[in-house]
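Everything on this sheet refers to the single structure shown next.
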Amino acid sequence: MQLSEEGARVLGSLVEKALSTPQQYPLTLSALVAACNQTSNREPVVSYDEQTVQAALDELKDLRLVRFVLPSHGRSVVRYRQVLDENLGLDSRQSAVLAVLLLRGPQTVGELRLRTERMSRFDGLDEIEHELDLLGARDQPLAANVGRRPGQKEERWASLLAGSTVSTTTWRPRSAARRPIAAATVVLPTPPDPQQTMILVRRSSISLSMANGVDLAVMCLLLVSSHAVPVFPAALQAAPCSRRASASR
């Protein structure tokens, strides 16, 4: 499903007004034109006329994303309501996130939390990310991570319903990243037989004066193939090293 830019703006406006001002919903054509052209929470700001909005409504009706509400109960004009949530099985949170993406283009998680306040409540960025994961993990994804804008630290998300083409990065749901990884069997090299370990002891010409008057100079080099084995004092004591006075050497 790919919407025109006008269709995306009209659909986003209907979803926004359904969540933020339900008492004034469904919208008349003139109210919908004003919603599309408003300067707040819109990027870019547009100036649609009624014919442009009506053509977008016809497009959305053919896609079964909008219904026309005929005059009744004292109303004299046709009104319009979105059924995106009904047809795609979206809750109010997912609808709010998608509305902002349709109305403002790619957004960071922080921007989405700020700009969805009037439509739905999110207690933290993790909740926004959870809804984005759900939108991106559908059989037909509705949102995708499009990476960072130059000079920006946070990654952005974009709606895949919008008409403009976005370059998406490799994406994996955070929930999948948090799943425990199955245990793997790690095969370690067989340690060498201690009886075959070769310890080379080399006597040093450097004498160390100790408190008891005994001079001892020993340097031990442990070579065990390519394995690194810690050497403890007990190992040094067990090495065949002779103690001699420096004078005798």
Requested in this report: Could you grab me the full set of residues in region 71-91 that are surrounded by fewer than 15 Cβ atoms within 10 Å (Cβ to Cβ) and in a helix (DSSP H, G or I)?
Outcome: Glu86, Asn87
Requested in this report: Give me the pairs, please: first residue somewhere in region 90-102 and over 14 Å from Trp157 (Cβ atoms), second residue anywhere and surrounded by fewer than 22 Cβ atoms within 10 Å (Cβ to Cβ) and not small (Gly, Ala, Ser), beta-carbon distance under 6 Å, and either six or more positions apart or on two chains.
Outcome: Ser95/Asp85
Query raised in the report: Restricting attention to region 1-14, which residues are within 27 Å of the chain's Cα centre (by Cα) and part of a helix (DSSP H, G or I)?
Result: Glu5, Ala8, Arg9, Leu11, Gly12, Ser13
Query raised in the report: Just one of Val66, Val10, Val77 is β-branched (Val, Ile, Thr) and within 14 Å of Val100 (Cα to Cα); which is it?
Result: Val10
Report task. Of the numbered conditions (1) surrounded by 16 or more Cβ atoms within 10 Å (Cβ to Cβ); (2) closer than 16 Å to Ala55 by Cα; (3) in contact (Cβ under 8 Å) with a residue 12 or more places away in the chain, Asn37 fails exactly one; give the number of that condition. Result -> (3)
Report summary line: Scanning region 105-146 residue by residue, those surrounded by 18 or more Cβ atoms within 10 Å (Cβ to Cβ) and either outside the structural domain of Arg42 (by TED's automatic domain parsing) or free of Cβ contacts under 8 Å to residues at least 24 places away in the same chain (or both) turn out to be Arg113, Thr116
Query - Residues of region 15-36 satisfying the condition of being under 22 Å from Gln94 (Cβ atoms), in a helix (DSSP H, G or I) and among the hydroxyl-bearing types (Ser, Thr, Tyr) - result: Ser20
Query raised in the report: Condition test on Gln54, is it part of a helix (DSSP H, G or I), more than 35 Å from the chain's Cα centre (by Cα) and within 21 Å of Arg121 (Cα to Cα)?
Result: no
Report summary line: Reported set for region 14-35 where residues are closer than 19 Å to Thr116 by Cβ and among the β-branched types (Val, Ile, Thr) is Val15, Thr21
Query - Count of region 100-123 residues which are touching a strand residue (DSSP E or B) at 6+ places or on another chain (Cβ under 9 Å) and within 22 Å of Val33 (Cβ to Cβ) - result: 5
Query raised in the report: If you take the residues of region 19-29 that are out of contact with any Lys or Arg (no Cβ under 7 Å at 6 or more places or on another chain) and in contact (Cβ under 8 Å) with a residue 12 or more places away in the chain, which of them is farthest from Gln54 (Cα to Cα)?
Result: Leu19
Query - Residue list for region 92-103, restricted to those being crowded, with 18+ Cβ neighbours inside 10 Å and either out of contact with any Gly (no Cβ under 9 Å at 6 or more places or on another chain) or not small (Gly, Ala, Ser) (or both) - result: Arg93, Gln94, Ser95, Ala96, Val97, Leu98, Val100, Leu101, Leu102, Leu103
Query raised in the report: Among the residues of region 23-49, how many are over 32 Å from the mean Cα position of the chain (by Cα) and within 16 Å of Arg81 (Cα to Cα)?
Result: 12
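The values are calculated or read from the model by the stated rules, or taken from the named source; none is laboratory data. Model, not experiment: these values are computed from the prediction. Quick reminder, even Gly has a Cβ in these numbers, built from the backbone with ideal geometry, and neighbours come from all protein chains shown.
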